[in-house]
1. Per residue of the stretch 272-284, in order, report the coupling 6.51 cos²θ - 1.76 cosθ + 1.60 (Karplus, θ = phi - 60°) as ³J(HN,Hα) in whole Hz, putting x for Gly and Pro.
2. Extension gain residue 218-residue 205, at 0.36 nm per residue separation less the Cα-Cα distance, in nm?
3. Subtract the Cα-Cα distance of residue 72 and residue 99 from 0.36 nm times their separation in residues, and report this length gain in nm to one decimal.
4. Using a 1.4 angstrom probe on the protein heavy atoms only, could you order 126, 296 from most to least accessible area?
5. How would you classify the stretch 41-128 from its alpha-carbon gyration tensor, with a ≥ b ≥ c the square roots of the eigenvalues: rounded for a/c under 1.5, else prolate if a/b is greater than b/c, otherwise oblate?
6. Residue 257 accessible area, nearest 10 Å², 1.4 Å probe?
7. Which value, in debye to the nearest 20, describes the size of the charge dipole of the stretch 78-151 about its Cα centre when Lys and Arg Cβ atoms bear +1, Asp and Glu Cβ atoms bear -1, and nothing else is charged?
8. At a Förster distance of 51 Å, what's the computed FRET efficiency of residue 135 paired with residue 165, Cβ-Cβ distance as r, to 0.05?
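The values are calculated or read from the model by the stated rules, or taken from the named source; none is laboratory data. Just so you know, these numbers come straight off a predicted model, no measurement behind them. Reconstructed Cβ throughout: ideal geometry from the backbone, glycine too, with neighbour counts over all protein chains shown. Note: accessible area is taken over every heavy atom of the protein model, side chains too, but ligands, DNA and RNA are not part of it. Shrake-Rupley method; radii C 1.70, N 1.55, O 1.52, S 1.80 Å.
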Amino acid sequence: MGNKISRKTDENNCRTSDMDQKAEAKMGNTISQQSDQPKRPPLQLASEPATEKVIEAIIEANDSNVLLNVLKSENLTFSEKTGVMWGLHYCFDRTKLTWRDMFWIEDQLEEGGHLNVVQYLRFIHYNVSSLETYWETESMEKAIEGDIKTRWLIQREICVNQHKQSLQQQLDSPPPYHSTRQSSQAEPSSKSEVTQQLDSCNQELKNLNKLYWEHQNTLHQILSKWGNGAARQAYDLLRKTDDWYLNKWHVQDCKGRKGCCSRPYGCCERNRETERHEKRGHCTSACPCCVKLKIYQEILK
Ligand SMILES: [Zn+2]
Ligand SMILES: [Zn+2]
Ligand SMILES: [Zn+2]
């Protein structure tokens, strides 16, 4: 029995020292890879004594529950947790944790509502897997561009619909054909011109409807080919709440493009005038409110 235990200990020692060598070699690789990728966050947080201690405790415990509890803990700040996550990544081989364990931890964090932590963990996973990153970046770009195109199509539809309503009101009111509401298009002066513009509005709405459904099909194909990597998981989680797009980055982006977020009207926070599923979102170049403002500014020049 004693022999058996000591043999096991010896085996363990051998395995540990062997693994340490492998881990060192791998860490060397990772660090040399890191020097080729200057964008990766620095390691200073992981080298802080408190964080280092936590990392060592996780490695020693060899149990995914311990890492999960650390990441859920209220005793550590978010910054300390990011330090633990990066630090652990650079010596991942020493933990004996598998990728399956990490996915389980991600699921547990998400279910427990630790959304910032799980998104950060996915950010690390996304950054460290170069092959996955390549495919995921391509899919992510296409999905984001697709999302913008959906908003453009819907906002253009609203624009055309508003102009159509204005034309209809002009037709119903006695001549001369003065608009009763603000329109983003040039005002027609005769009944035949109004009718002509109404026809072109109807034609454009028909085209936009066709383009919308074709685009939804393309978007579906992009999302179904994307796979289920860290970036896709993060993308899906972000979109689970209705207000996901109102985070400071997206609002800043809309402000930067001089969209409605740069004015105190709250257009992006409300439902837009559409029956489509995608009622809310930031401005594109087709936003009716932005288009009208641009036209008025041109007139005032
Ligand atoms: Zn607006
Ligand atoms: Zn706008
Ligand atoms: Zn906006």
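1. Calculated HN-Hα couplings, in order: 7, 6, 8, 8, 5, 5, 8, 7, 10, x, 6, 5, 10 Hz.
2. Working: separation 13, 0.36 × 13 = 4.68 nm, distance 1.98 nm.
Full extension from residue 218 to residue 205 adds 2.7 nm.
3. Going from the current span to full extension adds 7.8 nm.
4. Numbers: 126 40, 296 90 Å².
The residues order as 296, 126, largest area first.
5. Working: a/c = 1.26, a/b = 1.15, b/c = 1.10.
Judged from the Cα gyration tensor, the stretch 41-128 comes out rounded (a/c under 1.5).
6. Rounded to the nearest 10, that gives 110 Å².
7. Approximately 120 debye in magnitude.
8. 0.65
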